[in-house]
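Quick notes on the structure that follows.
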Amino acid sequence: MAEEIINYNIIGKIVSISQDPLSQAKITSPNGDSTLSETNGEFLLTGTYTLGEIFKITISLPNYSQRTINPFTLKKNLKNKGNLGPIVLKSVKEDLDKSIKKELTLPNDQLKQLQKSKMNFETAKQQAINDLMTRMKTVLIPSILTLIAEFGISNAQEMLGKSIEEMNATCPPSLEKLNQIIEKKNKLTKTLNNQFKFLNTIKIGSEINEKIISVSEIAVETISKLAIFFPVAGFGAPDPSKALTAPDGIIDKIKEILKKLGLTVPQLVLILGILVQTISKILKFLSLLDGLVGKCATQDSLPQEKLSEDLLKATETQSNQGSPVVTNVNGFEMGVVSIDNVTVGGLKRRQAIARNADDVIMLRGEPSFSSNDQILIDELVFYIQQNNLKA
């Protein structure tokens, strides 16, 4: 039976929290239908869709948080015959402040356990980890979230697991502004690298029986065994805040590592769990920021600072741990190559490639200065899957 194509009209009004009308907000559907809100905030979106299917519309406006709305009922009919009424957009600053506040707060169960435990294992080391963790949560995470907001995304947590295309992010208004963002991101990456280097100096275990491991090694080994990275191409990485209670979560992995050293210290497991959770969240947000910068970068953009070898090791080893790293999709073998004759700041632009069974390159991704190979691969994977291409 032939598919029935339906014409639709969706109307509504875009307003601020104070109910002031917002003009020039862009309303789009997945198949490319789009419109802008008028001076009074009202809009009319028209287009077609296949009977029985549903889709979501996205509303975006510079300096305001993006919203995604399902205009259909459970019976797959348009709500109120296509009249969505007032749709409130929050300013980026309001949403960003809320997101930062949320990231600075420890979950209640973790806080109670920290308060109840005496934390009497090698107090100096414990205090050093606590201080470092505090700096990560109060400086690194808010700074990264602020840079992500420069691309029109004020709630980064909601974007994890989505492709760059799905985010409908906006690029900075000028190359100068983009380079300022890259410069700040590079400083944050260097800070994270230095903090992780410091963790390498904090040793756990006993040198007498040669059973000893650094905190950084524990972090790398734990992170590399958990699929908690790469927020692109719809892989839906689990939330690290839930990983602590998951059967194969952070706590269980750390217990497994410490057991090899003959250590069973609950306080140590707890604080290391929170530390690894914090580091993994920073890496996810950095990966998201990296993808956004890569989307907007040009040949004249500044190169991006790379993560330390230890942190890169944590992400790279996931390919052997059942993580979402993709090397083959629909018969294509995925990889990344440098683009000849294009070098900026000593770095070459690179692009993802897809080869067929005869090792012939069939598809190429967009050229990018991204510092994360997996981001480049994921974007090409998304294109292949969206268009159902076969090798």
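Mind checking whether some residue in the stretch 107-118 is loosely packed, with under 14 Cβ neighbours inside 10 Å, in a loop (DSSP other than H, G, I, E, B), outside the structural domain of Ile59 (by TED's automatic domain parsing) and at pLDDT below 80? Within the stretch 107-118, one or more residues are loosely packed, with under 14 Cβ neighbours inside 10 Å, in a loop (DSSP other than H, G, I, E, B), outside the structural domain of Ile59 (by TED's automatic domain parsing) and at pLDDT below 80.
The residue that is farthest from Tyr49 (Cα to Cα), among those in the stretch 14-28 that are out of contact with any Leu (no Cβ under 7 Å at 6 or more places or on another chain) and surrounded by 15 or more Cβ atoms within 10 Å (Cβ to Cβ), is Pro21.
Inspect all residues belonging to the stretch 123-137 and state whether any of them is at pLDDT 85 or above and in the same structural domain as Val293 (by TED's automatic domain parsing). Scanning the stretch 123-137 turns up at least one residue that is at pLDDT 85 or above and in the same structural domain as Val293 (by TED's automatic domain parsing). Out of Asn63, Asn80, Asn70, report the one residue that is within 24 Å of the chain's Cα centre (by Cα) and either in the same structural domain as Lys162 (by TED's automatic domain parsing) or free of Cβ contacts under 8 Å to residues at least 24 places away in the same chain (or both). So the residue among Asn63, Asn80, Asn70 that is within 24 Å of the chain's Cα centre (by Cα) and either in the same structural domain as Lys162 (by TED's automatic domain parsing) or free of Cβ contacts under 8 Å to residues at least 24 places away in the same chain (or both) is Asn70. Restricting attention to the stretch 252-293, the residues being in contact with a Lys or Arg (Cβ under 7 Å, 6 or more places away or on another chain) and without any contact (Cβ under 8 Å) to a residue 60 or more places away in the chain number 4. Pairing each residue of the stretch 294-310 that is in contact (Cβ under 8 Å) with a residue 12 or more places away in the chain with any residue that is of a type in the set (Gly, Ala, Ser), provided the two are 6+ apart or on different chains, yields C-beta distances under 6 Å for Gly294/Ser368; Gly294/Ser370; Pro303/Gly345; Gln304/Ser371; Lys306/Ser371; Asp310/Ser216.
Just one of the listed residues (Gln277, Gln321) is at pLDDT 80 or above and either of a type outside the set (Gly, Ala, Ser) or surrounded by fewer than 23 Cβ atoms within 10 Å (Cβ to Cβ) (or both), and it is Gln277. Restricting to the stretch 162-205, and then to whatever is of a type in the set (Ser, Thr, Tyr) and under 18 Å from Asn130 (Cα atoms), can you tell me which residue is surrounded by the fewest Cβ atoms within 10 Å (Cβ to Cβ)? Among those that are of a type in the set (Ser, Thr, Tyr) and under 18 Å from Asn130 (Cα atoms), it is Thr201.
The values are calculated or read from the model by the stated rules, or taken from the named source; none is laboratory data. Owing to the predicted nature of the structure, the values given are computational and were not obtained by experimental measurement. Counting neighbours? That spans all protein chains shown, and the Cβs are built from the backbone with ideal geometry, glycine included.
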